[in-house]
């Protein structure tokens, strides 16, 4: 069934179809419509699960992870400050191997106060042990939420589906929404460990020694590494069920390309248009979309970029004192390639400013013509 | 006299835990848990309770339990409680233990949220009146004048009135209890167990280590706190109906203070001021009944 | 298919399934609690060594059979003591330092009234030896009772026509109802003791008895009233105190019209005065040498007498009895300036100028009683003019003959007589077996003595330190309830003097349970479980099939001493790891 809905409502639709049992959330712009939509359904008796309207995102995650440990399917959504407030609990959920799913609507982190898209909030949670999937459009958001539950429950790690403020959260697009039975066939009822069994009592998450801590971290590392395969498998299976899939990364027109433009999220859509035009003009430029950020798809990126001498990374986030975070990650992924790459970082769309095809064209032209690669990112700033 | 065998409730707390000798928390946990029974889920958060609960792979409590983060005893309990209901396990109560720091200070917001939603769990604040687990630092449950590592000249603030805060949430049940009055404590846990919604127990459990007193004095100090009206035993139903459970002997506050090294520096006028404050609080409580 | 470790729910996060009992925290400290029962101060103060805590605990549980059984461990006369004892137990009761002592005496009576119990035999593996007891007062009955419990055949010889001595023939009924004594007596006799009444014993008879018995205990009491050399002593209407009381008990005297003057300041004098009041005397006056407050009579008896309208004149000694037609009509007294001489001997001195003249239709002379050793004049017993005994063994100078009670000490209390009888019983038992009594006594001495526990000699009480007496300071007073001692029901003075009804109204059952519940049960574990419950280590083991004590689990006890601190009985005591 086609529905013409916002990205936020796409998230809500997916959460409902996944028979999510507990939703604990706290309002924050621009995530709030997810929370409201689910509340509407709960009020109408159409949600299936229950809502916990916690007094903070921190408590929302506390409730989600403990409910998840009890064995139920739990979801939350947040943005920006809310995500930052949750930070402690993100580590905790991952450390407890609680397969909680979250929708994170990217928004700038204060200060200064603003409400628009910026990926730095979710990327700041890079090391919390969450799987992160960055989505390009409403359909992908919808599909990724459904996939996220199977991935999370399959590897027992929490999973974050990331969508951008405004560009996705509040933009309406037609999306394909499957029937409940169809979804159920792809995502079976929750079957995760029930940790609190009165007939077989145990103490979950006691204090451990140094050596024990190290061993548990290693198991989490293995889980995260293996998650790459699981994500791919789930994505393939999703394709079999619904006729759409996304991969860990997506490569477009890399054959014989002199330059690969690497993007994530909504910039990708714009880049598709800009690059089509550039290729028509004879520029040998391909596109690489990184969809899964954690675990980082190092092997596959190295493989597809192997024949491409120049790489430009265009992104809407910043690690102050370094560069765009995807850029750093990609450089690290390529550092052991046989042939060296020229990787140039570009920052654009920061604070939610528009990244139009023209800007992308300028980036590509710069990257192709540049004699020396700069270690500093190049700011493609909007003129005031 | 030959003592006849008597039937006793099963113990949930096990020996071998890491509590200090004479630990009031261990006594309180033991009393609470044997009244609760082991068909329940227990949440602990960083505090001496968590230390007592045992290091991996050992557990001091024979009950399913979870060691959650410091400030989220209440939402953790709420999450588990909701999950159990979804799974059809409505008969399994969830009980959270948090220290005074985890309740009065860092956990107050999340407790307030859960209490406001009237989430279904029993919350036991194990109050030893300072951050003991981190080595005795002042909390908002530390009484005025009390020494701690971060109030070396004596605490300058009054103890926060947590019971009134909880009463203001209009939760079904809030009660004070202490390890010196075991029957009262047991009865309150059992009463709470039969109720639904957020139930709050403010449990005073003296800490020989942090209060600078001899190891055997925890129960005595608890009794003295009650008998001097420093810590009256009462219940609040629905946030407004107050019931005083025990008419104390109204002993002078020195009876309580003199047991503890943390008050050793008190001047006579300090004692007088504590007495006056205690009397005021007691009169105020009586007015509410 | 087995899951990889990184996905195995049991392995991916720390889940404790083991028990902290792997940590032997007992190594943290060498201090350990010990369950050491001690002696209550009431028991230490009781000459008979009554097991008060056990008895009162049973009573507090509504179990008066066990309460009576506990009293019967040391004394055959709980009904009697429960009625007439001067109760030093209550004076030393730890609760007296809190909110008033426990009504121990009255509760002993309640046990006798409401309980049924057969005295527990004193397990005696030795041989049985026939023992004769002369006198069936409290001392004689006590000795006979305990010897019979040990299995020795006992025969009692009583000069009067009925057993009981002063219990039967002296103590007024308003203090000791006949039924109460009879119930005690019946229980004693149920042990198979034979009593030959109406048989007087003198030197010759004693020799006969001695030949047939392994030992003899003489407890003939102090029954000879002292007759002062006072002019007019032989006037009609002048009666010795004990004779008067006996006549009243035998209903020989049923009324006493006119004015009565009682001379003497002791209990017999007060008993006589109060009896006279009940016989309808118009006026009863008691005259004694001592000043008020120095009278040997018990305070309570004296104040009761005052309430009943009896007048007291202090500091007067009788000078002469005046009569009309050979019948007493007046008594003249001289002022007494001191009762004892500088060496503390009885030697009153008078101020002859001061005199008091009282009208008297009856004069009751109760100035003291002494043992009558005249029947034994020709025996080794009377060599010194009085019966000399070893104060520990009660052995006389005559081999095989023991003596005790008022016959040796002069008039004392009922409970002291009972104590003497008990002492004689164990002493005789040891004598017949050829074992030293001192060792037996040493093992069972309560506190500093002289009371001891005969019961525990035969049934050793494990974990009990009889010499250690619980002080009030040993009890955590913060944990004690406030429940002040209540004054008990008594007849009004008007109700009392219309007859010989018992003055103290016995406790009803509910009240008895309640009053017994006030007992601290000092030194006696009542299984309250506080030590167990308060143990923060869950390592204090409660009594079970294999062990009747609370004890620390050495593996885990951290020696914090909380159990000792919360013990309301002073039983749990800190010691060291054994």
Filter the stretch C:10-49 for residues that are within 14 Å of chain B (Cβ to nearest Cβ) and over 30 Å from residue C:557 (Cα atoms); the one that is nearest to the chain's Cα centre (by Cα) is C:43
Is at least one residue of the stretch A:72-89 closer than 22 Å to residue A:224 by Cβ, within 11 Å of chain B (Cβ to nearest Cβ), at pLDDT 95 or above and surrounded by fewer than 24 Cβ atoms within 10 Å (Cβ to Cβ)?
-> yes
Considering the stretch A:308-337, residues that are touching a residue at least 60 places away in the same chain (Cβ under 8 Å) and in a loop (DSSP other than H, G, I, E, B), and then whichever is farthest from residue A:289 (Cα to Cα), we arrive at A:319
Screening C:117, C:58, C:132 for residues that are in contact with a strand residue (DSSP E or B) (Cβ under 7 Å, 6 or more places away or on another chain) and either surrounded by fewer than 24 Cβ atoms within 10 Å (Cβ to Cβ) or outside any loop (DSSP other than H, G, I, E, B) (or both) leaves only C:132
Those residues of the stretch A:38-61 which are assigned to a helix (DSSP H, G or I) and surrounded by fewer than 22 Cβ atoms within 10 Å (Cβ to Cβ) amount to A:39, A:40, A:41, A:42, A:43
The condition from (1) in a helix (DSSP H, G or I); (2) touching a residue at least 24 places away in the same chain (Cβ under 8 Å) that residue A:77 misses is numbered (1)
For the stretch A:160-183, the count of residues that are surrounded by 24 or more Cβ atoms within 10 Å (Cβ to Cβ) and either part of a strand (DSSP E or B) or free of Cβ contacts under 8 Å to residues at least 24 places away in the same chain (or both) equals 5
Just to be sure before I move on: is residue B:113 in contact (Cβ under 8 Å) with a residue 24 or more places away in the chain, part of a helix (DSSP H, G or I), surrounded by 24 or more Cβ atoms within 10 Å (Cβ to Cβ) and more than 10 Å from chain A (Cβ to nearest Cβ) in the structure I sent?
no
Of A:261, A:219, A:157, the only residue that is touching a residue at least 40 places away in the same chain (Cβ under 8 Å), surrounded by 18 or more Cβ atoms within 10 Å (Cβ to Cβ) and assigned by TED's automatic domain parsing to the domain that holds residue A:116 is A:157
Residue match in the stretch C:90-106 (condition: at pLDDT 95 or above, closer than 18 Å to residue C:422 by Cβ and crowded, with 24+ Cβ neighbours inside 10 Å)
no
### Message
I'd like to know if the stretch A:131-140 contains one or more residues that are part of a helix (DSSP H, G or I), buried (at least 24 other Cβ atoms within 10 Å of the Cβ) and in the same structural domain as residue A:21 (by TED's automatic domain parsing).
### Response
yes
For the stretch C:67-81 the number of residues that are under 15 Å from residue C:142 (Cα atoms) and part of a helix (DSSP H, G or I) is 6
Is it the case, given these coordinates, that residue C:231 is more than 26 Å from residue C:348 (Cβ to Cβ), assigned to a loop (DSSP other than H, G, I, E, B), out of contact with any helix residue (DSSP H, G or I) (no Cβ under 9 Å at 6 or more places or on another chain) and touching a residue at least 12 places away in the same chain (Cβ under 8 Å)? no
Going through (1) in contact (Cβ under 8 Å) with a residue 12 or more places away in the chain; (2) assigned to a loop (DSSP other than H, G, I, E, B) one by one, residue B:96 fails only at (2)
Only one of C:25, C:21 is out of contact with any helix residue (DSSP H, G or I) (no Cβ under 9 Å at 6 or more places or on another chain) and crowded, with 21+ Cβ neighbours inside 10 Å, namely C:25
Within the stretch B:209-219, of all residues that are within 11 Å of chain C (Cβ to nearest Cβ) and surrounded by 24 or more Cβ atoms within 10 Å (Cβ to Cβ), the one farthest from residue C:477 (Cα to Cα) is B:218
Filtering the stretch C:519-568 down to residues that are in contact with a strand residue (DSSP E or B) (Cβ under 8 Å, 6 or more places away or on another chain) and more than 9 Å from chain B (Cβ to nearest Cβ) yields C:522, C:523, C:531, C:540, C:541, C:547, C:551, C:552, C:554
Of the residues in the stretch C:267-303 that are touching a strand residue (DSSP E or B) at 6+ places or on another chain (Cβ under 8 Å) and in a loop (DSSP other than H, G, I, E, B), the one that is surrounded by the fewest Cβ atoms within 10 Å (Cβ to Cβ) is C:282
When restricted to A:314, A:301, the only residue more than 27 Å from residue A:166 (Cα to Cα) and surrounded by 22 or more Cβ atoms within 10 Å (Cβ to Cβ) is A:301
The residue that is nearest to residue C:128 (Cα to Cα), considering only those in the stretch C:444-468 that are assigned to a helix (DSSP H, G or I) and out of contact with any strand residue (DSSP E or B) (no Cβ under 8 Å at 6 or more places or on another chain), is C:458
Residue pairs within 8 Å by beta carbon, gap of at least six or interchain, first lying in the stretch A:184-203 and more than 8 Å from every other protein chain (Cβ to nearest Cβ), second surrounded by fewer than 19 Cβ atoms within 10 Å (Cβ to Cβ) and assigned to a loop (DSSP other than H, G, I, E, B), listed first then second, are A:184/A:19; A:187/A:19; A:189/A:19; A:190/A:19
Residues in the stretch C:419-442: is at least one in a helix (DSSP H, G or I), farther than 24 Å from residue C:151 by Cα and touching a helix residue (DSSP H, G or I) at 6+ places or on another chain (Cβ under 6 Å)? no
Quick check on residue B:189: is it touching a helix residue (DSSP H, G or I) at 6+ places or on another chain (Cβ under 9 Å), assigned to a helix (DSSP H, G or I), within 14 Å of chain C (Cβ to nearest Cβ) and within 26 Å of residue C:32 (Cβ to Cβ)?
no
Here the qualifying pairs (Cβ atoms under 6 Å; residues six or more apart or on different chains; first in the stretch B:48-65 and more than 7 Å from every other protein chain (Cβ to nearest Cβ); second not in a loop (DSSP other than H, G, I, E, B)) come out as B:48/B:25; B:49/B:25; B:49/B:97; B:49/B:126; B:50/B:44; B:50/B:67; B:52/B:26
Note to self: Being within 14 Å of another protein chain (Cβ to nearest Cβ), modelled with pLDDT of 95 or more and over 30 Å from residue B:51 (Cα atoms): is that true of residue A:206 here?
What the structure shows: no
Output for Cβ contacts, cut-off 9 Å, separation at least six or different chains, first residue within 10 Å of another protein chain (Cβ to nearest Cβ) and free of Cβ contacts under 8 Å to residues at least 40 places away in the same chain in the stretch A:90-103, second buried (at least 24 other Cβ atoms within 10 Å of the Cβ) and in a strand (DSSP E or B), reads none
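The values are calculated or read from the model by the stated rules, or taken from the named source; none is laboratory data. Bear in mind the structure is a predicted one, so any value in this text is a computation, not a measurement. Here Cβ is always computed from backbone atoms with ideal geometry, including for glycine, and neighbour counts include all displayed protein chains.
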